[in-house]
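The values are calculated or read from the model by the stated rules, or taken from the named source; none is laboratory data. All values derive from a computational prediction rather than experimental measurement. Here the Cβ positions follow ideal geometry from the backbone for every residue, glycine too, while neighbour counts run over all protein chains shown.
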Amino acid sequence: MEDFFELAGTKYRSRLIVGTGKYKDFTETKRAIEVSGAEIVTVAVRRVNITDPNKENLLDYLDPKRYTILPNTAGCYNADDAVRTCRLAREAGVGKMVKLEVIGDDRTLFPDVPATLDAAKILVKEGFVVLPYITDDPITAQKLEDIGCAAVMPLAAPIGSGLGIRNPYNIRIILEHAKVPVIVDAGVGTASDAAVAMEMGCAGVLMNTAIASAKDPILMAEAMRQGVEAGRKAYLAGRIPKKLYATASSPLDGILN
Amino acid sequence: MRFLIFMKIKINGEEKQIADGLSLNGLLESLQIRPGQVVVERNRDIVPRESFGSIALAEGDVLEIVHFVGGG
(Lines give C-alpha, C1' and ligand atoms only; values in the text may rest on other atoms or scores of the structure.)
Protein backbone atom coordinates (compact mmCIF):
# COMPACT_ATOMS: atom_id res chain seq x y z
CA MET A 1 0.00 0.00 0.00
CA GLU A 2 1.30 3.41 -0.92
CA ASP A 3 1.33 5.71 2.07
CA PHE A 4 2.91 9.09 1.70
CA PHE A 5 3.47 11.85 4.17
CA GLU A 6 2.43 14.98 2.36
CA LEU A 7 3.79 18.23 3.69
CA ALA A 8 3.37 21.56 1.89
CA GLY A 9 2.78 19.83 -1.43
CA THR A 10 5.74 17.47 -1.23
CA LYS A 11 5.36 13.74 -0.70
CA TYR A 12 7.73 11.96 1.64
CA ARG A 13 8.04 8.25 2.34
CA SER A 14 9.41 8.70 5.83
CA ARG A 15 7.34 10.13 8.66
CA LEU A 16 10.36 10.53 10.89
CA ILE A 17 11.99 13.95 10.98
CA VAL A 18 15.33 14.04 12.73
CA GLY A 19 17.58 16.68 14.21
CA THR A 20 21.32 16.95 13.64
CA GLY A 21 22.46 18.20 17.06
CA LYS A 22 24.43 16.45 19.81
CA TYR A 23 26.20 13.84 17.67
CA LYS A 24 29.87 13.20 18.39
CA ASP A 25 30.86 14.18 14.85
CA PHE A 26 29.44 14.75 11.38
CA THR A 27 30.19 11.17 10.32
CA GLU A 28 27.96 9.84 13.07
CA THR A 29 25.32 12.45 12.21
CA LYS A 30 25.31 11.33 8.61
CA ARG A 31 25.17 7.63 9.44
CA ALA A 32 22.37 7.99 11.98
CA ILE A 33 20.29 9.99 9.54
CA GLU A 34 20.82 7.45 6.78
CA VAL A 35 19.76 4.61 9.04
CA SER A 36 16.74 6.55 10.35
CA GLY A 37 15.39 6.79 6.81
CA ALA A 38 14.46 10.42 7.46
CA GLU A 39 14.07 12.69 4.46
CA ILE A 40 13.64 15.91 6.40
CA VAL A 41 16.39 17.01 8.81
CA THR A 42 16.50 19.99 11.09
CA VAL A 43 19.49 22.30 11.47
CA ALA A 44 20.23 25.39 13.54
CA VAL A 45 21.54 28.78 12.40
CA ARG A 46 24.60 30.00 14.28
CA ARG A 47 27.51 32.40 13.95
CA VAL A 48 30.57 31.06 12.17
CA ASN A 49 33.55 30.90 14.52
CA ILE A 50 35.71 33.51 12.80
CA THR A 51 38.86 32.89 14.81
CA ASP A 52 38.81 29.21 13.92
CA PRO A 53 36.42 28.73 11.04
CA ASN A 54 35.63 25.06 10.99
CA LYS A 55 36.64 23.81 7.58
CA GLU A 56 34.04 21.09 7.83
CA ASN A 57 30.49 22.14 7.24
CA LEU A 58 27.37 20.21 8.21
CA LEU A 59 26.04 20.50 4.66
CA ASP A 60 29.18 18.71 3.39
CA TYR A 61 27.68 15.67 5.10
CA LEU A 62 24.01 16.25 4.34
CA ASP A 63 23.34 16.73 0.67
CA PRO A 64 20.51 19.28 0.34
CA LYS A 65 19.52 17.52 -2.90
CA ARG A 66 18.85 14.35 -0.97
CA TYR A 67 17.39 15.80 2.21
CA THR A 68 14.93 18.57 2.85
CA ILE A 69 16.83 20.88 5.18
CA LEU A 70 14.58 22.33 7.84
CA PRO A 71 16.26 25.26 9.62
CA ASN A 72 15.03 25.93 13.14
CA THR A 73 14.91 29.04 15.27
CA ALA A 74 16.22 27.32 18.39
CA GLY A 75 17.61 29.76 20.90
CA CYS A 76 15.25 32.57 19.89
CA TYR A 77 13.35 34.08 22.79
CA ASN A 78 11.27 36.60 20.88
CA ALA A 79 9.43 36.91 17.59
CA ASP A 80 11.92 39.37 16.04
CA ASP A 81 14.90 37.07 16.54
CA ALA A 82 12.96 34.11 15.18
CA VAL A 83 11.91 36.02 12.06
CA ARG A 84 15.46 37.30 11.57
CA THR A 85 16.82 33.75 11.87
CA CYS A 86 14.32 32.46 9.30
CA ARG A 87 15.26 35.19 6.83
CA LEU A 88 18.94 34.30 7.21
CA ALA A 89 18.16 30.61 6.77
CA ARG A 90 16.18 31.25 3.61
CA GLU A 91 19.12 33.14 2.13
CA ALA A 92 21.21 29.99 2.47
CA GLY A 93 19.17 28.60 -0.39
CA VAL A 94 17.68 25.47 1.14
CA GLY A 95 14.07 26.43 0.63
CA LYS A 96 11.45 28.29 2.56
CA MET A 97 10.34 25.72 5.10
CA VAL A 98 11.24 26.59 8.70
CA LYS A 99 10.74 25.06 12.10
CA LEU A 100 9.53 27.98 14.18
CA GLU A 101 10.33 27.78 17.86
CA VAL A 102 10.19 30.78 20.13
CA ILE A 103 11.39 29.66 23.51
CA GLY A 104 9.78 31.07 26.62
CA ASP A 105 12.14 29.92 29.33
CA ASP A 106 15.47 28.09 29.39
CA ARG A 107 14.55 25.66 32.17
CA THR A 108 11.57 24.08 30.43
CA LEU A 109 12.24 25.23 26.87
CA PHE A 110 8.49 25.49 26.55
CA PRO A 111 7.39 27.77 23.73
CA ASP A 112 6.34 31.37 24.21
CA VAL A 113 2.95 30.93 22.56
CA PRO A 114 1.99 34.60 21.95
CA ALA A 115 5.44 35.27 20.45
CA THR A 116 5.15 32.13 18.32
CA LEU A 117 1.82 33.36 16.97
CA ASP A 118 3.30 36.80 16.21
CA ALA A 119 6.29 35.32 14.39
CA ALA A 120 4.12 32.85 12.46
CA LYS A 121 1.94 35.69 11.14
CA ILE A 122 4.95 37.57 9.78
CA LEU A 123 6.61 34.48 8.33
CA VAL A 124 3.49 33.19 6.58
CA LYS A 125 3.00 36.65 5.08
CA GLU A 126 6.59 36.55 3.81
CA GLY A 127 5.97 33.25 2.05
CA PHE A 128 7.65 30.88 4.49
CA VAL A 129 6.32 27.38 5.00
CA VAL A 130 6.01 27.47 8.77
CA LEU A 131 6.11 24.44 11.03
CA PRO A 132 5.64 25.74 14.57
CA TYR A 133 6.73 23.94 17.75
CA ILE A 134 3.98 24.43 20.34
CA THR A 135 2.70 23.19 23.64
CA ASP A 136 0.07 20.45 23.39
CA ASP A 137 -2.71 23.03 23.34
CA PRO A 138 -5.56 22.56 20.85
CA ILE A 139 -6.45 26.26 20.85
CA THR A 140 -2.92 27.31 19.91
CA ALA A 141 -2.83 24.61 17.24
CA GLN A 142 -6.05 25.93 15.75
CA LYS A 143 -4.81 29.53 15.78
CA LEU A 144 -1.59 28.58 14.01
CA GLU A 145 -3.50 26.60 11.42
CA ASP A 146 -5.77 29.62 10.86
CA ILE A 147 -2.71 31.84 10.39
CA GLY A 148 -1.62 29.52 7.59
CA CYS A 149 1.02 27.27 9.09
CA ALA A 150 1.71 24.15 7.00
CA ALA A 151 1.64 21.85 10.04
CA VAL A 152 1.44 22.06 13.80
CA MET A 153 4.05 20.45 16.01
CA PRO A 154 2.90 19.92 19.58
CA LEU A 155 5.50 18.68 22.05
CA ALA A 156 5.18 15.24 23.60
CA ALA A 157 7.14 16.46 26.63
CA PRO A 158 9.92 19.02 27.26
CA ILE A 159 12.73 19.06 24.67
CA GLY A 160 15.33 16.41 25.44
CA SER A 161 13.36 15.02 28.40
CA GLY A 162 12.59 11.62 26.88
CA LEU A 163 9.32 11.44 28.81
CA GLY A 164 7.14 10.45 25.86
CA ILE A 165 3.63 11.78 25.24
CA ARG A 166 2.53 13.31 28.57
CA ASN A 167 -0.94 14.31 27.49
CA PRO A 168 -2.29 11.96 24.84
CA TYR A 169 -5.78 13.40 25.30
CA ASN A 170 -4.70 16.86 24.20
CA ILE A 171 -2.86 15.38 21.22
CA ARG A 172 -6.07 13.52 20.36
CA ILE A 173 -8.11 16.72 20.46
CA ILE A 174 -5.54 18.47 18.27
CA LEU A 175 -5.70 15.54 15.83
CA GLU A 176 -9.47 15.61 15.71
CA HIS A 177 -9.61 19.22 14.64
CA ALA A 178 -6.45 19.81 12.62
CA LYS A 179 -6.67 19.94 8.85
CA VAL A 180 -2.89 20.27 8.56
CA PRO A 181 -0.42 17.53 9.50
CA VAL A 182 0.17 17.11 13.24
CA ILE A 183 3.79 16.27 13.99
CA VAL A 184 4.81 15.38 17.52
CA ASP A 185 7.98 17.34 18.17
CA ALA A 186 10.20 16.93 21.23
CA GLY A 187 10.11 14.74 24.30
CA VAL A 188 10.23 11.33 22.65
CA GLY A 189 12.52 8.97 24.57
CA THR A 190 12.40 5.63 22.84
CA ALA A 191 10.86 3.76 19.92
CA SER A 192 7.58 2.95 21.68
CA ASP A 193 6.99 6.68 22.28
CA ALA A 194 7.29 7.29 18.55
CA ALA A 195 5.02 4.33 17.84
CA VAL A 196 2.38 5.65 20.25
CA ALA A 197 2.35 9.02 18.47
CA MET A 198 1.91 7.33 15.12
CA GLU A 199 -0.76 4.94 16.38
CA MET A 200 -2.77 7.93 17.51
CA GLY A 201 -2.78 9.23 13.97
CA CYS A 202 -0.04 11.82 14.01
CA ALA A 203 1.39 12.53 10.57
CA GLY A 204 4.96 12.37 11.76
CA VAL A 205 7.39 12.55 14.65
CA LEU A 206 10.35 14.89 15.04
CA MET A 207 13.20 14.00 17.37
CA ASN A 208 16.87 14.66 18.03
CA THR A 209 18.12 13.83 21.52
CA ALA A 210 16.43 10.41 21.70
CA ILE A 211 18.65 9.23 18.85
CA ALA A 212 21.77 11.36 19.23
CA SER A 213 22.16 10.81 22.97
CA ALA A 214 21.32 7.09 23.00
CA LYS A 215 24.23 4.82 23.93
CA ASP A 216 24.22 3.58 20.35
CA PRO A 217 22.76 6.35 18.18
CA ILE A 218 22.90 4.31 14.97
CA LEU A 219 20.96 1.41 16.46
CA MET A 220 18.45 3.81 18.02
CA ALA A 221 18.00 5.52 14.65
CA GLU A 222 16.98 2.17 13.23
CA ALA A 223 14.68 1.49 16.19
CA MET A 224 13.01 4.87 15.70
CA ARG A 225 12.49 4.22 12.00
CA GLN A 226 10.85 0.92 12.83
CA GLY A 227 8.85 2.41 15.70
CA VAL A 228 7.43 5.10 13.44
CA GLU A 229 6.68 2.59 10.69
CA ALA A 230 5.06 0.10 13.08
CA GLY A 231 2.94 2.80 14.67
CA ARG A 232 1.83 4.12 11.30
CA LYS A 233 0.86 0.65 10.08
CA ALA A 234 -1.04 -0.06 13.29
CA TYR A 235 -2.93 3.21 12.85
CA LEU A 236 -3.85 2.37 9.27
CA ALA A 237 -4.74 -1.20 10.20
CA GLY A 238 -7.20 0.01 12.86
CA ARG A 239 -6.65 -1.37 16.32
CA ILE A 240 -9.25 -3.39 18.23
CA PRO A 241 -11.26 -1.60 20.88
CA LYS A 242 -10.06 -1.91 24.45
CA LYS A 243 -12.35 -4.11 26.54
CA LEU A 244 -12.40 -4.91 30.21
CA TYR A 245 -13.05 -8.66 29.89
CA ALA A 246 -11.54 -11.48 27.88
CA THR A 247 -12.63 -12.69 24.46
CA ALA A 248 -11.33 -16.17 23.66
CA SER A 249 -9.02 -16.44 20.67
CA SER A 250 -9.53 -20.19 20.24
CA PRO A 251 -12.89 -21.71 19.23
CA LEU A 252 -15.20 -22.68 22.05
CA ASP A 253 -16.65 -25.55 19.99
CA GLY A 254 -14.98 -28.96 20.08
CA ILE A 255 -13.36 -28.61 23.46
CA LEU A 256 -12.58 -32.04 24.99
CA ASN A 257 -14.52 -33.02 28.05
CA MET B 1 43.84 63.10 1.48
CA ARG B 2 42.99 60.37 3.97
CA PHE B 3 45.53 57.93 5.18
CA LEU B 4 43.12 55.50 6.75
CA ILE B 5 44.69 52.15 6.11
CA PHE B 6 42.63 50.15 8.51
CA MET B 7 39.04 50.42 9.56
CA LYS B 8 37.19 49.00 12.50
CA ILE B 9 34.23 46.75 11.95
CA LYS B 10 32.39 44.27 14.11
CA ILE B 11 32.16 40.66 12.97
CA ASN B 12 30.00 38.25 14.94
CA GLY B 13 30.23 40.49 17.97
CA GLU B 14 34.02 40.91 17.83
CA GLU B 15 35.81 44.13 16.94
CA LYS B 16 38.18 43.63 14.01
CA GLN B 17 40.55 45.83 12.07
CA ILE B 18 40.45 45.25 8.37
CA ALA B 19 42.04 46.85 5.34
CA ASP B 20 40.24 49.93 4.10
CA GLY B 21 37.99 49.28 1.13
CA LEU B 22 38.05 45.51 1.51
CA SER B 23 35.15 43.78 -0.21
CA LEU B 24 32.98 41.28 1.58
CA ASN B 25 34.43 38.55 -0.60
CA GLY B 26 37.92 39.71 0.31
CA LEU B 27 37.08 39.60 3.99
CA LEU B 28 35.64 36.08 3.76
CA GLU B 29 38.73 34.95 1.91
CA SER B 30 41.00 36.41 4.58
CA LEU B 31 38.97 34.57 7.21
CA GLN B 32 39.16 31.35 5.16
CA ILE B 33 35.39 31.14 4.93
CA ARG B 34 33.81 29.67 1.80
CA PRO B 35 31.24 32.24 0.61
CA GLY B 36 28.89 29.53 -0.62
CA GLN B 37 28.39 28.17 2.86
CA VAL B 38 27.51 31.28 4.80
CA VAL B 39 24.87 33.94 4.96
CA VAL B 40 25.95 37.46 5.79
CA GLU B 41 24.00 40.22 7.42
CA ARG B 42 25.45 43.72 7.19
CA ASN B 43 24.02 46.31 9.54
CA ARG B 44 20.95 44.11 9.94
CA ASP B 45 20.37 43.73 6.19
CA ILE B 46 20.98 40.42 4.49
CA VAL B 47 23.58 40.68 1.75
CA PRO B 48 22.68 38.61 -1.33
CA ARG B 49 25.47 36.21 -2.17
CA GLU B 50 25.88 37.66 -5.66
CA SER B 51 26.75 41.03 -4.10
CA PHE B 52 29.61 39.70 -1.94
CA GLY B 53 32.16 40.82 -4.52
CA SER B 54 30.77 44.29 -5.08
CA ILE B 55 30.13 45.26 -1.46
CA ALA B 56 32.90 47.46 -0.08
CA LEU B 57 32.92 47.32 3.69
CA ALA B 58 32.84 50.58 5.60
CA GLU B 59 34.10 51.81 8.96
CA GLY B 60 31.71 50.80 11.72
CA ASP B 61 29.97 48.05 9.78
CA VAL B 62 28.38 45.36 11.88
CA LEU B 63 28.50 41.96 10.23
CA GLU B 64 26.92 38.71 11.19
CA ILE B 65 28.28 35.68 9.37
CA VAL B 66 26.18 32.58 10.00
CA HIS B 67 25.89 29.03 8.78
CA PHE B 68 24.00 25.85 9.58
CA VAL B 69 25.09 23.73 12.50
CA GLY B 70 23.64 20.61 14.05
CA GLY B 71 20.38 21.27 15.83
CA GLY B 72 16.95 19.88 16.60
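Things to note:
- Selection within region A:184-230: residues that are of a type in the set (D, E) and more than 12 Å from every other protein chain (Cβ to nearest Cβ). The member of this set that is surrounded by the most Cβ atoms within 10 Å (Cβ to Cβ) is A:D193.
- Annotation: of all residues in region A:20-32 being of a type outside the set (D, E) and out of contact with any helix residue (DSSP H, G or I) (no Cβ under 7 Å at 6 or more places or on another chain), the one that is farthest from the other protein chains (Cβ to nearest Cβ) is A:T27.
- Those residues of region A:35-60 which are part of a helix (DSSP H, G or I) and either at the interface with chain B (Cβ under 10 Å from one of its Cβ atoms) or in contact with a His (Cβ under 9 Å, 6 or more places away or on another chain) (or both), in sequence order: A:L58, A:L59, A:D60
- Every pair of residues 6+ apart whose Cβ atoms lie under 6 Å, when the first sits in region A:45-66 and is farther than 14 Å from B:G36 by Cα while the second is exposed (fewer than 10 other Cβ atoms within 10 Å of the Cβ) and among the basic types (K, R): none
- Here is the figure for region A:202-218: residues that are in a helix (DSSP H, G or I) and free of Cβ contacts under 8 Å to residues at least 12 places away in the same chain total 0.
- Some residue of region B:15-38 being more than 14 Å from chain A (Cβ to nearest Cβ), closer than 26 Å to A:D60 by Cβ and loosely packed, with under 15 Cβ neighbours inside 10 Å: no
- Any chance B:F52 is away from chain A (no Cβ under 11 Å) and either among the charged types (D, E, K, R) or touching a helix residue (DSSP H, G or I) at 6+ places or on another chain (Cβ under 8 Å) (or both): yes
- When A:R66 is tested against the conditions (1) in a loop (DSSP other than H, G, I, E, B); (2) buried (at least 23 other Cβ atoms within 10 Å of the Cβ), the lone failure is (2).
- Residue check, A:V83 touching a strand residue (DSSP E or B) at 6+ places or on another chain (Cβ under 8 Å), of a type in the set (A, V, I, L, M, F, W, C) and surrounded by 15 or more Cβ atoms within 10 Å (Cβ to Cβ): no
- Only residues that are part of a loop (DSSP other than H, G, I, E, B), in contact (Cβ under 8 Å) with a residue 12 or more places away in the chain and more than 30 Å from B:L63 (Cα to Cα) were counted across region A:1-23, and they come to 6.
- Index of the failed condition, A:A157 passing every other in (1) assigned to a helix (DSSP H, G or I); (2) closer than 24 Å to A:E101 by Cα: (1)
- All positions within region A:120-148 that are part of a loop (DSSP other than H, G, I, E, B) and closer than 24 Å to A:D193 by Cβ: A:T135, A:D136, A:D137
- Filtered by the rule that a residue be under 18 Å from the mean Cα position of the chain (by Cα), basic (K, R) and within 12 Å of chain B (Cβ to nearest Cβ), region A:76-123 gives a lone residue, A:K99.
- Applying the criterion of being more than 11 Å from chain A (Cβ to nearest Cβ) and more than 26 Å from B:E50 (Cβ to Cβ) to the residues of region B:2-14, the residue that is modelled with the highest pLDDT is B:K8.
- Residue that is nearest to A:L58 (Cα to Cα), among those in region A:83-110 that are part of a loop (DSSP other than H, G, I, E, B) and among the β-branched types (V, I, T): A:V94
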